Amino acid sequence: MTYQNILVERHDAVTLITLNRPQALNALNTAVLADLIDAFAAFDADPDQRCAVLTGSGEKAFAAGADIKEMVDKPAADFFLQDFFSGWQRGVVGTRKPWIAAVNGFALGGGCELAMMADFILASDTAKFGQPEIKLGVAPGMGGSQRLTRAVGKAKAMEMCLTGRMMGAEEAERSGLVARIVPAADLLADALKTAATIAAMPPLAAMVNKEMVNLAFESGLAQGIQSERRLFQLLTATEDKREGMTAFVEKRPAVWVGR
Ligand code: CAA
């Protein structure tokens, strides 16, 4: 499948998806979203693909936000009737397999929100995160006010949303927004290597681990702990559980079958 606005490559069991509108700093318009929904669905459905990396083309930006030129003249009623931005939750956040955002340069507005939809963010030392929507007379619309606040806490999230200031990579790592900082030149190789590590894990367990950590992020503690225990119990029924534990006892590497 070829796309107009993204590039998709397979690196063994890792799918690399690259936002590809560098002339617009990879701004996220409806066509980009449609391509991403299709690419993430194909990744989720392909039994040979185990982990994905999402990055931006060009050195300057991961994505500089939702496409302002697409929104500038759109009537408010159309935003409501189209339930504008709802596809991100269904088609991107809904991905069941793990995926990493490799953030190079600007991740602003919808770009920051898209990065936060990933299971975790690896940032280049040049990365800059921000929710500058207030400067456009609006506010985040793709989950940013919620995910940023959960990631970095109220004080920093409020300051960033109210002033539109950007956060550099070091502050983002210190604040818990990103998992790790990587020199810009090494970012993609590091992200692919990290994804390959995840891809080599038992796939059902990878999906369940993802679901569990997201539960902690999205639900209350009691519900999260109850659901974690049930999901753990579910995993004990898999062949990979028998293989993983038997391999440990027999002091040999495990061979995963994905069942
Ligand atoms: N939408 C559409 N086009 C964009 C864009 C966006 N979000 N961000 C950048 N571009 C375009 C610019 O219009 C420009 O195109 P032209 O060459 O045709 O003029 C091109 O990308 C390069 O951008 P700049 O010339 O502005 O580059 P710069 O280096 O001077 O500045 C920047 C970089 C600081 C990131 C600046 O581009 C900028 O502030 N962009 C907008 C950031 C923003 O406000 N994002 C939030 C969008 S709203 C949103 O995301 C809503 C939501 O909640 C989901």
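The values are calculated or read from the model by the stated rules, or taken from the named source; none is laboratory data. Quick caveat: nothing in here was measured; it's all calculated off a predicted structure. Note that each Cβ is placed from the backbone with ideal geometry, even for glycine, and that neighbours are counted across all protein chains shown.
Exactly one residue out of Glu159, Glu228, Glu170 is under 30 Å from Pro253 (Cβ atoms) and either surrounded by fewer than 18 Cβ atoms within 10 Å (Cβ to Cβ) or touching a helix residue (DSSP H, G or I) at 6+ places or on another chain (Cβ under 6 Å) (or both): that is Glu228. Evaluating Leu33 against the criteria (1) surrounded by 18 or more Cβ atoms within 10 Å (Cβ to Cβ); (2) under 19 Å from Ala189 (Cβ atoms) leaves one unmet condition, (2). Residues in segment 145-195 that are over 23 Å from Glu59 (Cα atoms), at pLDDT 95 or above and of a type in the set (Gly, Ala, Ser): 6 in all.
Considering (1) among the aliphatic types (A, V, I, L, M); (2) in the same structural domain as Ala155 (by the TED database); (3) out of contact with any strand residue (DSSP E or B) (no Cβ under 7 Å at 6 or more places or on another chain), the lone condition that Val182 does not fulfil carries the number (3). Would you check if Gln89 is surrounded by 21 or more Cβ atoms within 10 Å (Cβ to Cβ) and touching a residue at least 12 places away in the same chain (Cβ under 8 Å)? No; evaluated as a whole, the condition is false for this residue.
Against the list (1) among the charged types (D, E, K, R); (2) buried (at least 16 other Cβ atoms within 10 Å of the Cβ); (3) within 16 Å of the ligand (Cβ to nearest atom), the condition Arg165 fails is (2). Can you say whether Ala247 is outside any helix (DSSP H, G or I) and of a type outside the set (Phe, Trp, Tyr), as far as the supplied structure shows? Taking the combined requirement at face value, the residue does not satisfy it. Here Leu122 does not fit the description of being more than 26 Å from Pro98 (Cβ to Cβ), away from the ligand (no atom under 13 Å from the Cβ) and in contact with a helix residue (DSSP H, G or I) (Cβ under 7 Å, 6 or more places away or on another chain). Listed by position, the helices (runs of 4 or more DSSP H) contained in segment 20-115 that have at least 3 residues being modelled with pLDDT of 95 or more and within 11 Å of the ligand (Cβ to nearest atom) are 68-71. Scanning segment 171-192 turns up no residue that is without any contact (Cβ under 8 Å) to a residue 60 or more places away in the chain and within 14 Å of the ligand (Cβ to nearest atom).
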